[in-house]
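Remarks on the structure that follows.
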Protein chains: 2
Amino acid sequence: MTTLRVMLAQTTTRVGDLPGNAATLAAAVAAAERVCADVLVTPEMAVTGYPVEDLLFEAELVGAAMDAVTDVAATTGRTVALLGSPWHVGRLPDAGGAGALGWSADALERPLRNVAALAHGGRVVAAHAKSLLPTYSVFDDARHFAPGARRQSVYTVRTPDGPVTFGVLICEDVWDPALAVEAAAAGAQVLLVPNASPYHVGKPALRLAQVAAAARAAGVPVAYCNTVGGQDEVVFDGGSFVVDADGRLVARARSFVADELVVDVPVAPRRDADRAVEPGRARAGAAGPAWGTDRKADPRTGPPDVVDLGVTHASRAPLAPPVVTPALDVDAEVYAAIVTGFGDYCRRVGLPRVVLGLSGGIDSALAAVVAVDALGADAVWGIGMPGPYSSAGSVDDARALAANLGIRFDVVPIADAYAERRGALDGLLTDAAAAGRSPSGTVDPVAWENLQARLRGTTLMTVANATAALVCTTGNRSESAVGYFTLYGDSCGTAPNPLGDLLKTTVVRRDGSVLPGVYGLAEWRNAQASAAGQVPPIPLATLTKPASAELAPDQQDTDSLPPYPVLDRLLLAFLEEHASAQELARTLVDEDGWDVGTAVATVNRVLTLVDRSEFKRRQAPVRIKVSRLAFGRDRRMPMANHWSHARAVVPEREPLTA
Amino acid sequence: MTTLRVMLAQTTTRVGDLPGNAATLAAAVAAAERVCADVLVTPEMAVTGYPVEDLLFEAELVGAAMDAVTDVAATTGRTVALLGSPWHVGRLPDAGGAGALGWSADALERPLRNVAALAHGGRVVAAHAKSLLPTYSVFDDARHFAPGARRQSVYTVRTPDGPVTFGVLICEDVWDPALAVEAAAAGAQVLLVPNASPYHVGKPALRLAQVAAAARAAGVPVAYCNTVGGQDEVVFDGGSFVVDADGRLVARARSFVADELVVDVPVAPRRDADRAVEPGRARAGAAGPAWGTDRKADPRTGPPDVVDLGVTHASRAPLAPPVVTPALDVDAEVYAAIVTGFGDYCRRVGLPRVVLGLSGGIDSALAAVVAVDALGADAVWGIGMPGPYSSAGSVDDARALAANLGIRFDVVPIADAYAERRGALDGLLTDAAAAGRSPSGTVDPVAWENLQARLRGTTLMTVANATAALVCTTGNRSESAVGYFTLYGDSCGTAPNPLGDLLKTTVVRRDGSVLPGVYGLAEWRNAQASAAGQVPPIPLATLTKPASAELAPDQQDTDSLPPYPVLDRLLLAFLEEHASAQELARTLVDEDGWDVGTAVATVNRVLTLVDRSEFKRRQAPVRIKVSRLAFGRDRRMPMANHWSHARAVVPEREPLTA
C-alpha cells in the first residue's frame, strides 16, 4: 500500500521570538530530512507563536515572520515542510491555497492570511491559508486575518512509493467536517492539520473525536500536529496524533512537552476528484450566497488547484511502529496544564522566581506546590503574614508546607501596619460617615477586612519588587466568580493565577465528566508523592480545616457563601451551560431536596454576587485556563450592566420532596 | 417634492436595562406619532444597550429583548419604528432583511442577528439585519452575530406625499459605500442608519465625511441616528444628523446629550431598480465566491425584496426648518466625552461618589475637575497623602484646588505607615538579597518607591470601601504607555480612569489635527471658567511646576523619561500609526536636530518601556477612550512576548543637521 511519511514536529514556540522559533523549525526540517519524511507538519503560526494578537498590525513583525519562513525554507531539501506563519497577500507565491482575496467580516480590508507555507527544495512554493477564523472563546482570528478561499487546494508529492495527494486544514478548518470532505473530493488522500489548539479539561478527547469524525466523513487519514507550552492565559497541550480513515488512533505524541511523531501513513488510491463530489453538494466554484460578489470576488474559477510539489525522497529505511502515548487521567491532565502555563509564563517574561503568601489554607498550599513543580524549590519564597484574626495554626501549617517543599519561609506580620492605618483612618471615617459621606451613615466594616488583605498584598509586592520576583496570587475560581476576594489585596499577582480557573471542589457533570477542584488536585498531588515514596507536600491540617479568610473573628467562608459543593455546582452550570436562575433553583429543589425559599434565595444571592463582581475580575491577574469557559478573554462581560441573572422565583411545580 | 418625515431619536440606553430602554423607546414612538413622522429611527441595539458582549450568549436576555421589542411595537400606530435589538433566527418575521441564514467566520453557528426590527400598526413586520460586523478596535460583533444577507431589502411606505422607499444600513454597513449603492439600486430613495458609534477625537467629522460619501455614491439622502452616553470604556457621542443626496449637512442634533431630530427629508423619484444597477457590478443574487455554498446557503433567490409597509399618516402640519447644531471644538469635544463616560459609569454602577488622591499635581487636579463636572462637588472627596518625599507645596496646592472646587479635602499622611512597613521588611530583604534571593544581590530601591504608592492606594481604597464610594485613579496615557505608575498603587481605581487616554501634552499631528493633552485640557477648562466669570479651578502652581512622582528625594519625571512633548510625539506615532523605531529615530534626527546616538537610545528606551509594561496595563482600570487607539480592548497585546519594538539603529543617511 502507498504510504506518506509524515513527521509531526510538536514544537514549543514563543510569541514574538522569531529567531528562536525559526531555529526550532530549522531543527525540525533537519530532523525530517534525516528520517526521509515526505512531509513535515509544524504547528499553526509556529514562526511567530500564537496568539500574536495585535502585534499582527505591525508591518515589521509580519515582514520579519515571512523572512524567517523564507530562511527556514532555504534549509529544506526533499522533505516538504509546512511552516505556520502570517502572510501578506502582497507576497503570496503563485501556487496553491491562499491566492483568493477572501472577505472580511466588516468594512475593513485585512491584508493578512494565516498560512501554512509549503517549502520544498529551498524555497516557499505555496501558501495554504486558513479558511475558518475562530472568533469565539479566547480567539480573535477574524480581527486579524481574512480567510483563505474555502475551496481547498490540494498538493501532490511523488514519494518513493508513488504519488500521494494531501490536503491542508489549519486548526479550525478541521472543526467543520465539510472542509475535510471537500479536500478529499478535490483529491486529497490524507489531510495534514497544523494547530495551535489550547487546552481545556477534556479537550484532548474532544479533539480526537472531532478529528476522527472528520477522517470518517472524508474517508481519509488525518495527521494532527499541535503546539505545546503556555502563553499568557492559555496552555497548548501538544498530544499530536494520527488517525486512519476509519478514525482509529494510530499514533499519539506526549502531552505538555515538545515531542515528535514520524509515521508512515497508509493512503488509499487517489479518487477521481470529479466523481468524488457527493450528489447534491455544491461544487467548489459554484454559485454561492449573494455576498461580497462585487468587491471581494474570488479570482480563481474552474476546478480546484492540484499543486504538484515534485519528488521527495528516493528511498528510505522502514520505520518502527508508531508510538501511541496513553492519555492522561483528568487530574494529571489538569495539573500538568497548570504547571506548564504557570512555569512558561514566568520563564517567558524572564522572572522565573515567585513570592507568595502562605496562609496555612488549601489554596495557597496548592499554589505553592504548583510553583515548586513549575520552577523548583529554590525559586519559590513563602511569606506568612499573620494578622489580628489569624488562627494559631495558620503560621504552623504554612511552615510545615514550606518544610515539606524545601522552600524558604519567612513571617512578616501585618498587625502593626493594620493598627497604624486603622488608627489613621478610624476617626476620620467615622466622623465623615456620620456627616453624610457614607449613604448608610456608618463605616462599612468590610473596609477593615479589605485593609488587612491590601496590607498583605502590599507586603508581597514590596518583597517581589525588591528581589526581582513575581507575586503568585492564590485565589480560586469559586472565589473569583462571587467576588470573594479583595481587589489589590489577595488578588495581587504578577504571575498568572495558577488556581484561578479551578473551582474549590471537584464537580462531576451530568455527562459523567469530572472537573477537578482545588481539594481534589491537592489530594491527588499528595497521593502522587506518596506513591513515589515522597512526603506528601500538603499538611493534613490544611486539607481538613474549614475554609476561612481569617479577616474577622471566627470568620468562615460559609458565613458569606453557600457550602462550596453547592456553590460550585451552581457556578459550573451557570458559567459553562448558561443555566438560568430558574433552572438552578429547580435543581436544588428537585435533586437536593432544598426547600423552595432557600433554593431561590441562594441562587439569587450567588448570581447577584457574580454579576456585581465583574469589575474586580477585570483587574485581576490572568488565570491559567483549564475549564471550558474561563474568566478573562473567554467571558467578555460589561461592568456597567443592569441585566441581573438573579431571576429565580418559586418553581411552578411542587418540589418532589414536598 | 416628495418628502419622508423622519424622526431620529438619539436616546441614552443602558446595557442590560431592558425595561428602562423599552420605556425610552416607547416614549420615542409616542413622540414620533405626535409629529406624524413616517419613520422613527432609534439607535442600534437600543433595547439592550451596546455593547452587550457575552450576555448575548444567554437565551434569557435575547428572549427578553425580543419580547421588549414586541411590547414597544404594540404601541406603534402609523409611524414605522426601527427598533434595534438582537434577534434569534427562530423568531424572524417573514418579511424583509434578515431571512438569510448568513455565515459565521468559523465553525460555530450563530443563531443571532443584530437587527432593526421594523414595527408598524402594533406589530413587528420585518427585521433588517446588519450585514457587516465590526471586528476591530473595541468591537467583537463577529463573536456574537452572524451577518444578514448582504443583498439589501428595501421598504416602501405610503406617506401623505406618496410612496417612498427607504433602505436600512446598520452602523458598520454605511462604512462600505457599496452597500449604500446596492440599497439605492434596489430602489431606496433614502437610507436610514441606526448606530451605536463610539467617540474618539475627530470621530464626528470623520463620520459625517463617511456618510456624506455614501450619500453621494448612492445618490440618496441619509439619516444617521446615534446613541449617546458612556458604557465602560467607550462613550457614544450622539450628534445624529441628516445629509442630502449631495452629502450636504441639513440637520444635526447635539452631542453628548439625549436629543431628537425631526426632518422632512426630500427624496427624488424612485429609480427603476433594474436599470439602476451599475454596469459591471454584480447583481444581488448573482454567483458569489465559492464560500459556504453547501452549509450556509442563502434561501432567497430572485430580485431584492421590496417590502410594502403600508400607509403612514394621512396628513400633517409642516415642520420648522431643521436644527443644525454647530460642531464642538476639539477641546470641548474631548472634555465632554470624558465627563460623560466617567459620570455615566459611576451612575450606572450605582455609586455616583468618588474618592481621589490629590497630590498637588496636574493629573489629579484635572481628574478632580472632571469628577466634579460629572458628579457634582458634594460627590467628590479629595485626600492628600503626603509622604516622606512630598514637596511642601503639594498639600497646599491640593487644598487650594479643593477650595476652588468646593469639595471636601482631608489629609491622611502615609509617613508612619511607610516607616512601619519599611522597618518590617528592610532587614529581611537586605539579608535575603545578599543571600542570593535577588539576582542583583541588593534590594531594588524602586520597591520603596512603590511601597509609598501602594500605601496611598490602600488608604484610598479603605476610604472608598468604608463609605460606599468609587476610587478615581488619575494616571495619564503617557504614564500608562511607559509603565510609569505603580501597579496596585496610584493605578488603584474602581471608577474608569478619566485621564487614561490623554497624553500629558497636546500633540498636533502631521495632518494638522490636534489631540488635546492633560495640560491643554486643564488650561482650556480654566479658561472656560474665567470666561464664565468663575474662579479657574486649577491653581497656577499646579499648572506650572515640573512633573514629579515625589517618591524619592528631588525626583522629577524627566529623571526617568524624555521630556513629555518628545515622549508624547513618539508614543502617538508608535501607538496610532504603528511607526517603526527606525522611523521614530529618524524624525528626532531630521526634524528636531537630535544627534543620532541620543535619538536611537531614546526611542529604544521608550519602546522597551512600552513593551515591558503590558502586564501592568492589563490590570489597570479601564480608561475613557478618546483617542483613535486606546489601551484596553482597542489594543490587545500578549504579555509574555519576545518581540521587541526597540529596533532603532543609526539611520542610513546622515542627519540633516550634521
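Restricting to the range B:331-344, name every residue that is more than 14 Å from chain A (Cβ to nearest Cβ) and in contact with a Pro (Cβ under 6 Å, 6 or more places away or on another chain).
Scanning the range B:331-344 gives B:D331, B:V334, B:I338.
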message: Looking only at the range A:209-242, filter to residues that are farther than 17 Å from A:V168 by Cα and out of contact with any Ser or Thr (no Cβ under 8 Å at 6 or more places or on another chain); which one of those is surrounded by the fewest Cβ atoms within 10 Å (Cβ to Cβ)?
response: A:A209
message: So for the range A:301-314 (the condition being surrounded by 17 or more Cβ atoms within 10 Å (Cβ to Cβ), within 14 Å of chain B (Cβ to nearest Cβ) and modelled with pLDDT under 95), does at least one residue qualify?
response: yes
statement: Residues in the range A:364-384 that are out of contact with any helix residue (DSSP H, G or I) (no Cβ under 6 Å at 6 or more places or on another chain) and within 17 Å of A:S478 (Cβ to Cβ) total 2
query: Pairs, please: C-beta under 7 Å, at least 6 apart or cross-chain, first residue at positive phi and in the range B:49-74, second of a type in the set (A, V, I, L, M) and buried (at least 22 other Cβ atoms within 10 Å of the Cβ)?
result: B:G49/B:V15
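With the condition being open to solvent by 10 Å² or more (accessible area, probe 1.4 Å) and in the same structural domain as B:D305 (by TED's automatic domain parsing), I'd like the strands (runs of 3 or more DSSP E) fully within the range B:130-199 carrying at least 1 qualifying residues. Can you show your working first?
Working: elements: B:154-159, B:162-168, B:190-194.
Qualifying strands (runs of 3 or more DSSP E): B:154-159, B:162-168.
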field: Qualifying residue in the range B:3-24 (condition: part of a helix (DSSP H, G or I), within 14 Å of chain A (Cβ to nearest Cβ), open to solvent by 30 Å² or more (accessible area, probe 1.4 Å) and of a type in the set (S, T, N, Q))
entry: yes
query: What pairs come up if the first residue lies in the range A:1-16 and is under 30 Å from B:M637 (Cβ atoms), the second is basic (K, R) and open to solvent by 10 Å² or more (accessible area, probe 1.4 Å), and their beta carbons are under 7 Å apart, counting only those six or more places apart or on different chains?
result: A:R14/A:R348
query: Given (1) open to solvent by less than 20 Å² (accessible area, probe 1.4 Å); (2) over 30 Å from B:G387 (Cα atoms), where does B:A531 come up short, assuming only one miss?
result: (1)
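Among the candidates A:T542, A:T558, which residue alone is without any contact (Cβ under 8 Å) to a residue 60 or more places away in the chain and of a type in the set (S, T, Y)?
On the way: A:T542 fails: without any contact (Cβ under 8 Å) to a residue 60 or more places away in the chain.
Among A:T542, A:T558, only A:T558 is without any contact (Cβ under 8 Å) to a residue 60 or more places away in the chain and of a type in the set (S, T, Y).
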query: Going through the range A:377-398 one residue at a time, which ones are over 18 Å from A:L551 (Cα atoms) and open to solvent by less than 10 Å² (accessible area, probe 1.4 Å)?
result: A:V380, A:W381, A:G382
message: Cβ-Cβ under 8 Å, sequence separation 6+ or interchain: first residue in the range A:410-427 and facing chain B (nearest Cβ under 8 Å), partner among the β-branched types (V, I, T) and in a strand (DSSP E or B). Which pairs?
response: A:D410/A:I383; A:V412/A:I383
task: Could you check, for the range B:236-249, whether at least one of its residues is within 14 Å of chain A (Cβ to nearest Cβ) and of a type outside the set (S, T, N, Q)?
output: yes
field: Residues located in the range A:486-525, provided they are over 21 Å from A:E550 (Cβ atoms), touching a residue at least 24 places away in the same chain (Cβ under 8 Å) and either more than 21 Å from the chain's Cα centre (by Cα) or within 14 Å of another protein chain (Cβ to nearest Cβ) (or both)
entry: A:T494, A:A495, A:P496, A:W524, A:R525
query: What residue, among those in the range A:428-440 that are outside any helix (DSSP H, G or I) and open to solvent by 30 Å² or more (accessible area, probe 1.4 Å), is nearest to the other protein chains (Cβ to nearest Cβ)?
result: A:P439
query: Of the residues A:A107, A:A74, A:A59, which single one is open to solvent by 10 Å² or more (accessible area, probe 1.4 Å), in contact with a Phe, Trp or Tyr (Cβ under 7 Å, 6 or more places away or on another chain) and more than 27 Å from A:G239 (Cβ to Cβ)?
result: A:A107
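Any residue in the range B:345-354 that is within 14 Å of chain A (Cβ to nearest Cβ), part of a helix (DSSP H, G or I) and in contact with a Lys or Arg (Cβ under 8 Å, 6 or more places away or on another chain)?
So in the range B:345-354, the residues within 14 Å of chain A (Cβ to nearest Cβ) come out as B:345-354.
When the remaining residues are screened for being part of a helix (DSSP H, G or I), the result is B:345-348.
From what's left, in contact with a Lys or Arg (Cβ under 8 Å, 6 or more places away or on another chain): B:346, B:348.
The answer is yes; a qualifying residue exists.
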- prompt: Only one of (1) among the charged types (D, E, K, R); (2) under 29 Å from B:A74 (Cα atoms); (3) open to solvent by less than 10 Å² (accessible area, probe 1.4 Å) is not met by B:R123, so which one is it?
  reply: (3)
message: Could you list, ordered by first residue, the pairs with Cβ atoms under 6 Å in which the first is in the range A:569-587 and within 14 Å of chain B (Cβ to nearest Cβ) and the second is of a type in the set (V, I, T), at least 6 apart or interchain?
response: A:A581/A:V603; A:L584/A:V603; A:A585/A:V600; A:A585/A:V603
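Just checking, which of A:T11, A:T70, A:T79, A:T3 is within 26 Å of the chain's Cα centre (by Cα) and polar (S, T, N, Q)?
Numbers: A:T70 fails: within 26 Å of the chain's Cα centre (by Cα); A:T79 fails: within 26 Å of the chain's Cα centre (by Cα); A:T3 fails: within 26 Å of the chain's Cα centre (by Cα).
Being within 26 Å of the chain's Cα centre (by Cα) and polar (S, T, N, Q) holds for just one of A:T11, A:T70, A:T79, A:T3, which is A:T11.
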query: Is it the case that the range B:540-547 has a residue that's on the phi < 0 side of the Ramachandran plot, part of a helix (DSSP H, G or I), in the same structural domain as B:A481 (by TED's automatic domain parsing) and surrounded by 17 or more Cβ atoms within 10 Å (Cβ to Cβ)?
result: yes
message: Could you go through the range A:593-603 and let me know if any residue there is open to solvent by 20 Å² or more (accessible area, probe 1.4 Å), of a type in the set (D, E), farther than 22 Å from B:D232 by Cβ and outside the structural domain of A:V507 (by TED's automatic domain parsing).
response: yes
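Would you mind stating whether A:R617 is at pLDDT 95 or above, among the basic types (K, R) and open to solvent by less than 20 Å² (accessible area, probe 1.4 Å)? So that I can check it myself, show each step before the final result.
Working: at pLDDT 95 or above: yes; among the basic types (K, R): yes; open to solvent by less than 20 Å² (accessible area, probe 1.4 Å): yes.
Yes: the conditions hold for A:R617.
The values are calculated or read from the model by the stated rules, or taken from the named source; none is laboratory data. Because the structure is predicted, anything quoted here is derived from the model rather than measured. With ideal geometry, Cβ positions are generated from the backbone for all residues, glycine too; neighbour counts draw on all protein chains shown. When the accessible area is computed, the model is the full protein with side chains, heavy atoms only, and any ligands, DNA or RNA have been set aside. Shrake-Rupley method; radii C 1.70, N 1.55, O 1.52, S 1.80 Å.
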